[in-house]
Amino acid sequence: MKILILGDSWCADWSVKYPESVCWPSQLKQKHTVTNCAQAGVSQYQVCQQLKHTDPEQYDAVIFGVTSPNRLYSPSNPIHSTDPLHADCDLIYADLVHHRNSGNTDPRILSAIKFYQHHWDQQHAVFQHQLQVEWCLARLNPENTLVTSMITYSLNCVPPCWHTLDVADLKTQYPGDQHHLSEQGNQIALNSITDWLRSNIRCA
């Protein structure tokens, strides 16, 4: 089966940085032909760009990740540019503050922190995020698409006609450093995705 994966770190293949990773995307590609465009730490805008540069109609199934509305798009994040997993990630306040407190005084980091502190509006961010999710859904087929997220409440903007997999609770129940989860947590997620494929995709 040909599967397209779009999204953030929850959908990204962590084996690009951790070859022994048991993350569910790396396990999924052992049994299927997987094109994984997901990237760790990206905003929903970048997920839109992933979709824009692919043709979902060429795949039997699509796994579409919804990320946090609190990520601010940046064409050049100065923090993670050399990290193979996070090279294209966007800005988020907690990460910026962590690196500033660790001694990184890059003016781009400091200016981004000040933007969050003085100009960020949560309602505006949520509204923009919903529009971007809707833009993606308008280009996907609800019959062969699974919409998933590890971010609490991020799937609230997804209409009930779509298949969804909310795994926000897994992070609390099965914490670990393998794709945000323990090995058991990844296996539970993989089982849920496999069950969806078998139930909804003809060639599964």
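Among the residues of the stretch 158-175, the one identified as surrounded by 15 or more Cβ atoms within 10 Å (Cβ to Cβ) and farther than 18 Å from G7 by Cα is Y174. Quick one: in the stretch 46-94, of everything that is among the aliphatic types (A, V, I, L, M) and in a loop (DSSP other than H, G, I, E, B), which residue is nearest to T152 (Cα to Cα)? Per the stated criteria, the residue is V66. From the list D83, D95, pick out the single residue that is among the acidic types (D, E) and either surrounded by fewer than 19 Cβ atoms within 10 Å (Cβ to Cβ) or over 22 Å from V16 (Cβ atoms) (or both). Step by step, each of D83, D95 is checked, and only D83 is among the acidic types (D, E) and either surrounded by fewer than 19 Cβ atoms within 10 Å (Cβ to Cβ) or over 22 Å from V16 (Cβ atoms) (or both). Would it be correct to say that N141 is outside any helix (DSSP H, G or I) and either buried (at least 18 other Cβ atoms within 10 Å of the Cβ) or out of contact with any strand residue (DSSP E or B) (no Cβ under 7 Å at 6 or more places or on another chain) (or both)? Criteria met by N141. When restricted to residues that are assigned to a loop (DSSP other than H, G, I, E, B), modelled with pLDDT of 95 or more and surrounded by fewer than 23 Cβ atoms within 10 Å (Cβ to Cβ), the stretch 10-28 contains 0.
The values are calculated or read from the model by the stated rules, or taken from the named source; none is laboratory data. For clarity, every value in this text was computed on a predicted model and none was experimentally measured. A quick note on method: Cβ atoms are made from the backbone with ideal geometry, for glycine too, and the neighbour counts reach across all protein chains shown.
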